[in-house]
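The values are calculated or read from the model by the stated rules, or taken from the named source; none is laboratory data. Computed from a predicted model, the values in this text were never measured in an experiment. Neighbour counts run over all protein chains shown; Cβ positions are idealised from the backbone, glycine included. Side chains are part of the model used for accessible areas, which takes the heavy atoms of the whole protein and leaves out ligands, DNA and RNA. Shrake-Rupley method; radii C 1.70, N 1.55, O 1.52, S 1.80 Å.
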Amino acid sequence: MPLLHRRIAPALVVAQLLYLALMELAFTFLSPGNPEPDATGSARNALLGYGAVMVAVAAVMAGGALMLASSRASAAVPRPVRSVLLVLLGLLELGIAAAFLHSAATGSLGPDTVIAGVAVVVSGCVAAGCVPGPAAAPPTQHTPHGRPTARTTG
């Protein structure tokens, strides 16, 4: 389980972040534009809300990946904050898996079904990697004689 928790899950989260950025760029620059920009207040608020949600999702994913990958960073963050971050990441990943499962179940067979299947497996692996994270204590360092060393920060 340490391999999934410390190596595989963070790498998968980074891959998801790259996929998210790529899709956002593609939808922003490659989608057909509206000839008349909608300057109403509700459209502007909706776009601002969407941007805020995307930034929050990216922050949870990046922070969770850092907590999973680095024992030093994980030890520097207070345990309640680390636990909340990893629980949020796990719930986010379960939500992503559910959305892709729904997409695969309601869509027709094709490339999107394959992408959805891969996304479900990836999200499941990340969620599984988050499970030991909140409960795991930071690793203690030992002297060559097996005694714990004094904790130092920095």
Just checking, does the range 57-65 include any residue being farther than 16 Å from A127 by Cβ, free of Cβ contacts under 8 Å to residues at least 24 places away in the same chain, open to solvent by 70 Å² or more (accessible area, probe 1.4 Å) and out of contact with any Cys (no Cβ under 8 Å at 6 or more places or on another chain)?
no
Taking into account only those residues within the range 10-43 that are outside any loop (DSSP other than H, G, I, E, B) and either touching a Pro at 6+ places or on another chain (Cβ under 9 Å) or modelled with pLDDT under 85 (or both), which is surrounded by the most Cβ atoms within 10 Å (Cβ to Cβ)?
A43
L48 passes all but one of (1) in contact (Cβ under 8 Å) with a residue 12 or more places away in the chain; (2) open to solvent by 30 Å² or more (accessible area, probe 1.4 Å); (3) hydrophobic (A, V, I, L, M, F, W, C); which number fails?
(1)
What residue, among those in the range 86-112 that are open to solvent by less than 50 Å² (accessible area, probe 1.4 Å) and under 10 Å from the mean Cα position of the chain (by Cα), is farthest from G124 (Cα to Cα)?
L86
Residue satisfying condition, being in contact with a helix residue (DSSP H, G or I) (Cβ under 7 Å, 6 or more places away or on another chain), modelled with pLDDT of 85 or more, more than 14 Å from V13 (Cβ to Cβ) and not basic (K, R), within set A119, A104, A97:
A104
Can you find even one residue in the range 75-84 that is under 19 Å from R7 (Cβ atoms), open to solvent by less than 20 Å² (accessible area, probe 1.4 Å), among the charged types (D, E, K, R) and at pLDDT below 90?
yes
